[in-house]
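Asker: Submitted below is the structure of interest, expressed as structure tokens.
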Amino acid sequence: MKKKKTKLPVKAIFISLLCLATVFSLFYFPFRYLSNSDYFKIKDSVYFSGQNIFKIDLESQTRRLRRIYPDYKAIVLRRQLPDGIIVDFIPRQARALLRLSENFYVDSEGIIFLPLHSRIDSRELPVIIGLNERIPSPRSGAKYNESSLKAILEFLNSINNDAELSLMLKITKINLFDPNDIFLFTDSGCKINLGSTGSLEKDLSTIQMLMEDIRPNMSDIEYIDLRFREPVVKYK
């Protein structure tokens, strides 16, 4: 029995290889020219001077810059023809000033950062104290899952998202030394005892109702205590 000879589709293979070579040359040679041309070299740059814009790995350079500047929420790099790299620094939005071994800002996500490159007026932010022992070695750009800090940030976010309440209730200081006995101060000098972190959602609802009645006379209030079944309001 004779074996059948299989004919290779030489012509088809040749055409396929020719097409691949054509496609490769269409991309390779222009890219080689672009990445080696002095026309695309960056002239003046703090980070990339003298480099060709097509040889810069934007992803790795973004990671490098984020390690250097952890106080920014995001850093975006993009090429600008013929010889530029645009670097966009997107700042974090501080929700409060955090007093630890040194002063840090903290954003709504709980990430702390040093006020190195941020143009933020700290006088407009509430100051959080009492976390030195629970966050003994703070590091800029890090997120700490400390329960009382997380809870109070959610509390502040809720106030900030309520336009009317955020105007009525100006918090200047928050003491988290005891997570079961949280208290804060307002710009009028009123002290508000909130109790534990687990009751903050209920406390916020109570504060919203109280503000409708006492806001016109807020400067006359010495303290508000929300640790009991019924809120206690003491006038000066």
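Asker: Which ones in the range 104-145 are touching a strand residue (DSSP E or B) at 6+ places or on another chain (Cβ under 6 Å), of a type outside the set (A, V, I, L, M, F, W, C) and not in a loop (DSSP other than H, G, I, E, B)?
Answerer: Of everything in the range 104-145, those that are touching a strand residue (DSSP E or B) at 6+ places or on another chain (Cβ under 6 Å), of a type outside the set (A, V, I, L, M, F, W, C) and not in a loop (DSSP other than H, G, I, E, B) turn out to be TYR105, ASP107, SER122, LYS143.
Asker: Sort out which residues of the range 74-116 are touching an Asp or Glu at 6+ places or on another chain (Cβ under 6 Å) and within 19 Å of VAL46 (Cβ to Cβ), and write them in order of number.
Answerer: VAL76, LEU116
Asker: Could we say that LEU176 is within 30 Å of ILE75 (Cβ to Cβ), crowded, with 16+ Cβ neighbours inside 10 Å and under 25 Å from the mean Cα position of the chain (by Cα) here?
Answerer: Values: within 30 Å of ILE75 (Cβ to Cβ): no; crowded, with 16+ Cβ neighbours inside 10 Å: yes; under 25 Å from the mean Cα position of the chain (by Cα): yes.
Considered against the rule, which asks whether it is within 30 Å of ILE75 (Cβ to Cβ), crowded, with 16+ Cβ neighbours inside 10 Å and under 25 Å from the mean Cα position of the chain (by Cα), LEU176 comes out as no.
Asker: Select, from THR172, THR186, THR197, the only residue that is touching a Ser or Thr at 6+ places or on another chain (Cβ under 7 Å), in the same structural domain as ASP225 (by TED's automatic domain parsing) and free of Cβ contacts under 8 Å to residues at least 40 places away in the same chain. Steps first, answer last, please.
Answerer: Numbers: THR172 fails: free of Cβ contacts under 8 Å to residues at least 40 places away in the same chain; THR197 fails: free of Cβ contacts under 8 Å to residues at least 40 places away in the same chain.
Going through THR172, THR186, THR197 in turn, just one is touching a Ser or Thr at 6+ places or on another chain (Cβ under 7 Å), in the same structural domain as ASP225 (by TED's automatic domain parsing) and free of Cβ contacts under 8 Å to residues at least 40 places away in the same chain: THR186.
Asker: Still on this structure, I have one more. Give the number of residues within the range 149-192 that are more than 23 Å from LYS234 (Cβ to Cβ) and of a type in the set (Lys, Arg).
Answerer: 1
Asker: While we're looking at this one, here's another question. Is it fair to say VAL87 is in contact (Cβ under 8 Å) with a residue 24 or more places away in the chain, outside the structural domain of PHE185 (by TED's automatic domain parsing) and of a type outside the set (Lys, Arg)?
Answerer: In short, yes.
Asker: I'm trying to understand the selection: among the residues of the range 110-138, which are among the charged types (D, E, K, R) and at pLDDT below 90?
Answerer: Within the range 110-138, ARG119, ASP121, ARG123, GLU124 meet the criteria.
Asker: Also, quick follow-up: Looking at SER196, SER147, SER219, SER166, which one is over 23 Å from ALA94 (Cα atoms) and either surrounded by fewer than 15 Cβ atoms within 10 Å (Cβ to Cβ) or at pLDDT below 85 (or both)?
Answerer: Numbers: SER196 fails: either surrounded by fewer than 15 Cβ atoms within 10 Å (Cβ to Cβ) or at pLDDT below 85 (or both); SER147 fails: over 23 Å from ALA94 (Cα atoms); SER166 fails: over 23 Å from ALA94 (Cα atoms).
Answer to the selection: SER219.
Asker: Does THR172 satisfy being hydroxyl-bearing (Ser, Thr, Tyr) and part of a strand (DSSP E or B)?
Answerer: On the way: hydroxyl-bearing (Ser, Thr, Tyr): yes; part of a strand (DSSP E or B): yes.
For THR172, the condition - hydroxyl-bearing (Ser, Thr, Tyr) and part of a strand (DSSP E or B) - is met.
Asker: Additional query: Can you name the number of the only condition in (1) without any contact (Cβ under 8 Å) to a residue 12 or more places away in the chain; (2) part of a helix (DSSP H, G or I); (3) hydrophobic (A, V, I, L, M, F, W, C) that PHE155 fails?
Answerer: All conditions pass for PHE155, except number (1).
The values are calculated or read from the model by the stated rules, or taken from the named source; none is laboratory data. Because the structure is a prediction, the values reported are computed rather than measured. Note that each Cβ is placed from the backbone with ideal geometry, even for glycine, and that neighbours are counted across all protein chains shown.
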